[in-house]
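Following: one structure in structure tokens, then a few remarks.
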There are 2 protein chains.
Amino acid sequence: MARASDGVGRAPSMTDVAAAAGVSHQTVSRVLNGSELVRADTRARVEAAIAELGYRRNNAARLLVTNRSRRIGMIAAHLVLHGPGMIAVSVQDAGHKAGYDVSLVAVEDFSSQSLREAVGRLLDEAVEAIVVAVAHREALEQVRSLDAAVPIVVVQGVSAGQPMAVGIDQEAGARLAVEHLLDLGHRHVAHVTGPLEWVEAGQRRTGWQRAHEQRHVLPGPEFAGDWSPKSGYEAGLRIADEPDVTAVFAANDSMAIGLMSALHAKGRDVPGQISVVGFDNMPEAPYLWPALTTVDQEFSLLGRRAVELTLRALEGDLDPSTQLISPALVIRDSTAAPRLG
Amino acid sequence: MARASDGVGRAPSMTDVAAAAGVSHQTVSRVLNGSELVRADTRARVEAAIAELGYRRNNAARLLVTNRSRRIGMIAAHLVLHGPGMIAVSVQDAGHKAGYDVSLVAVEDFSSQSLREAVGRLLDEAVEAIVVAVAHREALEQVRSLDAAVPIVVVQGVSAGQPMAVGIDQEAGARLAVEHLLDLGHRHVAHVTGPLEWVEAGQRRTGWQRAHEQRHVLPGPEFAGDWSPKSGYEAGLRIADEPDVTAVFAANDSMAIGLMSALHAKGRDVPGQISVVGFDNMPEAPYLWPALTTVDQEFSLLGRRAVELTLRALEGDLDPSTQLISPALVIRDSTAAPRLG
DNA sequence: AGGGTGAGAGAAAGCGTTTTCAGTGAACAA
DNA sequence: TTGTTCACTGAAAACGCTTTCTCTCACCCT
């Protein structure tokens, strides 16, 4: 087989292939696009020529005329965090499997300007749709208000009633976590929140509240966190001083890690004196000390669903409903019944 | 300002802008490309028309004629792991900042076929260069042997003497870790390796060996891991039974976490009885119990350097040297002098 | 034999840019 | 006035493909 580029000239074009195969370039096009209207031997000749020349079709030219890029864009942020990172990877993966390229642009803040830029960059890449994986409420509004002439699908910070959205039911996850603790016999559960500008953080907090309401008990104290292990640690130092607190729901695993570390530092035993639940089920969760009870989100499913939704939108099916995926509680060693007395 | 797409027709073209501004489309082109040869008022008229129509230039058409996509490709794997994930994000980011789009394709295995596919997909996207962020030794060879007609830059699994490569000096990092333990007075250091098909895993292991050699002592026992916290945990169970081991160097933080968990489970104190060092400095490392001593890699710098190298390659400067970035040891609470006796 | 049919292949137009080349004025000097 | 220069703008070709239209030929039916 010949090298991809013999000699110095430019890459071979359809015409070159056609010449080599002794047909016209339209016939080559037909072969490439799997048309039935080509005799088997002609097709074979063309394919041989293609292999021989190492020809690959020029997508720019193709896009120019078809106007279909087979590319979808994704706007994301905070890719270093577990959740956002997983979502990005899974969407990208699902997109590829569906035959689409996916362009990721990471935004660093949610100013109208940087969002506009992100959308602009994506539009310049001729994306057919945009997946927004940004959990800030205003950010989403901003992007929507830009109304680029392509469908927009939301995968993060999703709440019921949103059109073209698929997400993991954060509130349900939080309830699972809190109910588990209440079921164990804890009177109430403290909460370390995520940054409340994040839709998810608000939803997890709501779930925490609702679970208490449902049992007609008052929620435990609330501590403000920002997803970082550090903020969890700081909350932990304060929690260690509240003798009343026997159970804590941290809005993500990273904060739970910091939290447990602070509790250890203060000589409080987990779960002996205080039970801890996280959220995310990061790979390390089962191997912490103690192994962390947490809420597992099926990110790969989310990615697949998001891409399905996008593809349907491209067919013109603008689904107004919101798909919510149920997360699951994974019970490990960091939770136990409260000590009596 | 007008909407991006008024009405139903197709997107406005240069000709439309030209008509609106009362010039020819070539003048519009000049304005877009920042040519000096346009009178200020003409330019203003054109710009007004552009804003008015919500025009954006069609990159496919542009690419077709310029043959410069301003896009670079990246092949990566295991994006869920801390290191690979960070590298991908940082390269992407640095690329964007340099005005390039970067297409990421994740491979799941390193068969010649899937690598060929990955390169093919990238080539179809008309990338001008390919950044390979795959740590398997054969994988790299495979990609190189495909010799796509674009420059290839390597950012992972880099070893000295490799052309067009920039990486973090894994061996140096490992030595830092081990020397720290030896300096504390440990007689030797055990090692939990990464999967040895990974270049990095091999290099960290080599660093561990060399550090011992330099002090003329024999290295401690070696345990095979695979980066996963689980494998660290399993190694930890065995290490707990080896009374001789007072210090362990785990090839990444995840394994260190599992390791410490197993030691706790077995009632061994860290660092009281056994010191532990990790590698990666993941965000949770400072907030583990105990806070983990580990090796910090400056991924963002790596990304920037990789893109610089790529850009230079595109200018024709094929740098045959290998850039190695020095990692740094971060000392925390998981390491201490061995107990005497 | 004549005409209809359908498979297969070619010709030509067009997608929206950039590039190269050629033109148009105005200003200025001779 | 005439030519020369300079700043600016327009015309046309080309990039590599798909799409639509047309043509050819073999085949079958009547």
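Numbers for the structure displayed
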{"read-out": "Close pairs (7 angstrom Cβ cut-off, 6 or more residues apart or separate chains): within 12 Å of DNA strand C (Cβ to nearest atom) in the range B:27-50, acidic (Asp, Glu) anywhere", "value": "B:Val31/B:Glu47"}
{"read-out": "Any helices (runs of 4 or more DSSP H) falling wholly within the range A:12-68 and containing at least 2 residues that are exposed (fewer than 13 other Cβ atoms within 10 Å of the Cβ) and within 10 Å of DNA strand D (Cβ to nearest atom)", "value": "A:59-66"}
{"read-out": "Breaking point among (1) surrounded by fewer than 17 Cβ atoms within 10 Å (Cβ to Cβ); (2) at pLDDT 95 or above, for B:Pro320", "value": "(2)"}
{"read-out": "Of residues in the range A:303-341 being hydrophobic (A, V, I, L, M, F, W, C) and part of a helix (DSSP H, G or I), the one farthest from A:Arg187 (Cα to Cα)", "value": "A:Leu314"}
{"read-out": "Residues located in the range A:97-115, provided they are open to solvent by 30 Å² or more (accessible area, probe 1.4 Å) and either under 15 Å from B:Leu79 (Cα atoms) or not in a helix (DSSP H, G or I) (or both)", "value": "A:Ala98, A:Gly99, A:Ala106, A:Glu108, A:Asp109, A:Phe110, A:Ser111"}
{"read-out": "Single condition A:Arg205 does not satisfy, out of (1) open to solvent by 60 Å² or more (accessible area, probe 1.4 Å); (2) over 22 Å from A:His78 (Cβ atoms)", "value": "(2)"}
{"read-out": "Any hit, the range A:157-180, residues being without any contact (Cβ under 8 Å) to a residue 24 or more places away in the chain and assigned to a helix (DSSP H, G or I)", "value": "no"}
{"read-out": "Any hit, the range A:267-275, residues being closer than 18 Å to A:Thr193 by Cβ, at the interface with chain B (Cβ under 9 Å from one of its Cβ atoms) and either out of contact with any helix residue (DSSP H, G or I) (no Cβ under 9 Å at 6 or more places or on another chain) or open to solvent by less than 10 Å² (accessible area, probe 1.4 Å) (or both)", "value": "no"}
{"read-out": "So B:Val80, is it surrounded by fewer than 17 Cβ atoms within 10 Å (Cβ to Cβ) and closer than 30 Å to B:Ile325 by Cβ", "value": "yes"}
{"read-out": "Boolean, A:Ala88 is within 25 Å of B:Val119 (Cα to Cα), within 13 Å of DNA strand C (Cβ to nearest atom) and buried (at least 21 other Cβ atoms within 10 Å of the Cβ)", "value": "no"}
{"read-out": "Test: residue in the range A:307-319 that is within 30 Å of B:Trp227 (Cβ to Cβ) and touching a residue at least 12 places away in the same chain (Cβ under 8 Å)", "value": "yes"}
{"read-out": "Candidate set from the range B:276-302 (those that are among the acidic types (Asp, Glu) and in a strand (DSSP E or B)); member that is nearest to the other protein chains (Cβ to nearest Cβ)", "value": "B:Asp280"}
{"read-out": "Count of residues meeting criterion [more than 22 Å from A:Trp227 (Cα to Cα) and surrounded by fewer than 24 Cβ atoms within 10 Å (Cβ to Cβ)] in the range A:276-306", "value": "3"}
{"read-out": "Residues of the range A:137-183 satisfying the condition of being within 14 Å of chain B (Cβ to nearest Cβ) and at pLDDT below 90", "value": "A:Val143, A:Arg144, A:Ser145, A:Leu146, A:Asp147, A:Ala148, A:Ala149"}
{"read-out": "Some residue of the range A:134-152 being under 13 Å from A:Thr310 (Cβ atoms) and open to solvent by less than 20 Å² (accessible area, probe 1.4 Å)", "value": "no"}
{"read-out": "Qualifying positions in the range B:108-128 - closer than 14 Å to B:Glu141 by Cβ and either touching a residue at least 60 places away in the same chain (Cβ under 8 Å) or of a type outside the set (Gly, Ala, Ser) (or both)", "value": "B:Phe110, B:Leu115, B:Arg116, B:Val119"}
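The values are calculated or read from the model by the stated rules, or taken from the named source; none is laboratory data. Being a predicted model, the structure only gives us computed values, none of them experimental. Here the Cβ is made from the backbone with ideal geometry for all residues, glycine too, and neighbour counts use every protein chain on show. Only protein heavy atoms, including side chains, enter the accessible area calculation; ligands, DNA and RNA are left aside. Shrake-Rupley method; radii C 1.70, N 1.55, O 1.52, S 1.80 Å.
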